Amino acid sequence: MEKILIIAAHVDDPIIGMGGTIAVLHNKGYEILVISACNDRSSGYEDAIEYLGGKSLKFDFSYGRINLDNLKTAVENEIKKFKPTILFTHWHNEILEDHEIVSKISVQLARQYELRELFLFEIPATSLNFQFDVGVNISETYSKKREAIEMLKGIDKETFNTEILPSILYSSGFRGIQFGCKFAETFKSLGSRKPLAPYYRRLVEF
């Protein structure tokens, strides 16, 4: 079974960025491990990720207090143990420093361990100048994405209603319009290692 590793800064990020895709990948038979670097506001996280079809893990960092060296060690250990072939993480240009730190370390280690493919996901409220070249149709799993985000109980109501829920409700529909389906999530491919190809995911076969 092929393995996918998802590394995010906070517990809500993997659901916002790719909750529907997690469910799609699970339905296709992938084994999925979702890591949150921070364990703040994490009530309900394990249940939400399990509901989408993944296994969950939290590191012991706190919001705004991620140590670069310690994070690198923790992520490297999980890559060695889990042995993924595909990795997803944050877009590299972010308003929140935690997101940028996690992206930097994840990309670096994915290259070091020659993972086959690497993708960056979008957080609508924080990703600056996001550019995508891959879309996933989540029309059949959108409802699970929305239900999963509502399983998170540790997030204050104002943040949930003004930042998190709108990112679920509006972004997925807008991206769906762009890809000609009801709901979609988008990613930036950073190329393929096997085969060695910068634009592997952009090859169109008619």
Scanning region 87-114 residue by residue, those under 21 Å from LYS58 (Cβ atoms) and not in a helix (DSSP H, G or I) turn out to be LEU87, PHE88, THR89, HIS90, GLU94, LEU96
Contact list, first residue from region 128-145 and under 17 Å from ILE177 (Cβ atoms), second anywhere and in a loop (DSSP other than H, G, I, E, B) and at pLDDT 95 or above, beta-carbon distance below 6 Å, six or more apart or interchain, is PHE130/TRP91; PHE130/GLU122; ASN137/CYS181; ILE138/PHE183; SER139/CYS181; SER139/LYS182; SER139/PHE183; TYR142/PHE183
Scanning region 13-34 for residues that are within 23 Å of ASN77 (Cα to Cα) and surrounded by 24 or more Cβ atoms within 10 Å (Cβ to Cβ) gives ASP13, PRO14, ILE22, ILE32, VAL34
Within region 159-206, residues among the acidic types (Asp, Glu) and either surrounded by 15 or more Cβ atoms within 10 Å (Cβ to Cβ) or at pLDDT 85 or above (or both) come out as GLU163, GLU185
If we keep only residues of region 81-99 that are out of contact with any Leu (no Cβ under 8 Å at 6 or more places or on another chain) and not aliphatic (A, V, I, L, M), then the residue surrounded by the most Cβ atoms within 10 Å (Cβ to Cβ) is HIS99
Expected output for region 56-75 (first residue of a type in the set (S, T, N, Q), partner surrounded by 11 or more Cβ atoms within 10 Å (Cβ to Cβ) and assigned to a strand (DSSP E or B), Cβ below 9 Å, 6+ apart or cross-chain) is SER56/LEU33; SER56/VAL34; SER56/ILE35; SER56/SER36; SER62/CYS38; ASN67/PHE61; ASN70/PHE59; ASN70/PHE61
Exactly one of ASP133, ASP156 is loosely packed, with under 14 Cβ neighbours inside 10 Å, farther than 14 Å from ASP13 by Cβ, out of contact with any Ser or Thr (no Cβ under 8 Å at 6 or more places or on another chain) and acidic (Asp, Glu), and that residue is ASP156
Going through (1) within 30 Å of ASN70 (Cα to Cα); (2) outside any loop (DSSP other than H, G, I, E, B) one by one, LEU152 fails only at (2)
Flagged pairs (Cβ under 8 angstrom, 6 or more apart or on separate chains; first in region 99-118, farther than 24 Å from ARG202 by Cβ; second buried (at least 21 other Cβ atoms within 10 Å of the Cβ) and aromatic (Phe, Trp, Tyr)) are HIS99/TRP91
Listed by range, strands (runs of 3 or more DSSP E) wholly within region 1-85 having at least 1 residues that are more than 18 Å from LEU115 (Cβ to Cβ) are 31-38, 55-61
> Does THR126 satisfy being surrounded by 21 or more Cβ atoms within 10 Å (Cβ to Cβ) and under 26 Å from GLU2 (Cα atoms)?
Replying inline: no
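The values are calculated or read from the model by the stated rules, or taken from the named source; none is laboratory data. This one's a predicted model, so the numbers in the text were calculated from it and none came from an experiment. Because the Cβ atoms are built from the backbone with ideal geometry, glycine has one as well, and the counts that use them run over all protein chains shown.
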